[in-house]
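Before any comments, here is the structure.
The values are calculated or read from the model by the stated rules, or taken from the named source; none is laboratory data. Small disclaimer: the values here were computed from a predicted structure and weren't measured. Glycine gets a Cβ as well: all are built from the backbone with ideal geometry, and neighbour counts include every protein chain shown. Accessible surface areas use protein heavy atoms only, side chains included; no ligands, DNA or RNA. Shrake-Rupley method; radii C 1.70, N 1.55, O 1.52, S 1.80 Å.
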Amino acid sequence: MKLFSEHLQNVIASGEGKVNKPSIFRFIQAIYAGFFIGLAFVFYVTVTTGSSDAHWGAVHLMGGVVFSLGLILVVLFGMELFTSTVLSAVAWAQGRVSFSRMLSCWIEVYVGNAVGALVLVGLVCAGGLYMTDGGQWGLNVIGIALHKVHHTWSQAFVLGMMCNIMVCLAAWFAYMSKDVGTKALLMVMPVALFVATGFEHSIANMFMLPVGIAFKHLLPADLLLSHGYTAEVLEALSFNHIVSSNLIPVTLGNIVGGAGFIGLGIWATEKASGAQDAKVAESEKATTSSTKSVS
């Protein structure tokens, strides 16, 4: 009897474990994950600040590489990140968890990630990082945030989908190794690809967009004006606009790319080859043995 690959079995078991965790434990882990991903964006901003005259691709590659620290921290510490938690759809498809419990898990993790990201926003503002390098750090944040809210709805959706294809591939790579160093190394390139290319990550944006809103009020008005950031331009950085133009389509795209294209896609591919879940195979074997014993 052909069984699912070991890494798919690991994804299924992990998804089942994520959904069945105690709620408060999962929520706290989600807060840490949101904080870690926010830290990755802090690192990205620091590395790319003051690089306007440097090679665009090289700067963004370096930014993407350092951003991978966020997912590495999440995976190695076992925290709960929404964009990788959606892989629990494979456990649901395999009948290990109910749809309602899976959806409840996703919502809890999403909210927890938002809390963690917003905690970091507060710390970054309180620490005065916006004036680093004469305010260039804060201006870099403003520029990144404005770029994110000027995608069309369909662009944001597709960029969110492509982002989580890469994030879930990175997480899947981690299921392929038991060695900590190898796990970390395997996750770098997929994350670097999505960050360097400009794909959209809903949880990272929960840090970057609110911090952009905060900085437009904290940075000196004359500094903002000197770089063309007038009040009219900065109107795009409002709570309603970041939610409607970015967070909603990006989140939906993240779900489709991660849960659909990667999770369910790989599961369906192995299923089509005739492979079975080891747990189901063992159950069927036990039932067959029991039937023969009775006979």
Within the range 140-161, considering residues that are in a helix (DSSP H, G or I) and touching a Ser or Thr at 6+ places or on another chain (Cβ under 8 Å), the one farthest from H227 (Cα to Cα): G160
Any hit, the range 40-57, residues being part of a helix (DSSP H, G or I), open to solvent by less than 30 Å² (accessible area, probe 1.4 Å), of a type in the set (A, V, I, L, M, F, W, C) and closer than 16 Å to A30 by Cα: yes
Residues satisfying the stated conditions in the range 111-135, i.e. in contact (Cβ under 8 Å) with a residue 60 or more places away in the chain, open to solvent by less than 40 Å² (accessible area, probe 1.4 Å) and outside any helix (DSSP H, G or I): G135
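In the range 185-205, is there at least one residue being of a type in the set (F, W, Y), in contact (Cβ under 8 Å) with a residue 12 or more places away in the chain and open to solvent by 40 Å² or more (accessible area, probe 1.4 Å)?
no
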Qualifying positions in the range 241-270 - aliphatic (A, V, I, L, M), open to solvent by 20 Å² or more (accessible area, probe 1.4 Å) and out of contact with any Gly (no Cβ under 9 Å at 6 or more places or on another chain): V243, L247, I248, L264, I266, A268
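Taking the range 85-97, which residues are of a type in the set (S, T, N, Q) and open to solvent by less than 20 Å² (accessible area, probe 1.4 Å)?
The answer is T85, S88.
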Matching residues in the range 162-173 - criterion: being out of contact with any Ser or Thr (no Cβ under 6 Å at 6 or more places or on another chain) and of a type in the set (G, A, S): A170
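Determine whether the range 81-104 contains at least one residue that is assigned to a loop (DSSP other than H, G, I, E, B) and of a type in the set (V, I, T).
Within the range 81-104 (the criterion being assigned to a loop (DSSP other than H, G, I, E, B) and of a type in the set (V, I, T)), the answer is yes, since at least one residue qualifies.
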Qualifying residue in the range 58-76 (condition: open to solvent by 60 Å² or more (accessible area, probe 1.4 Å) and in a loop (DSSP other than H, G, I, E, B)): no
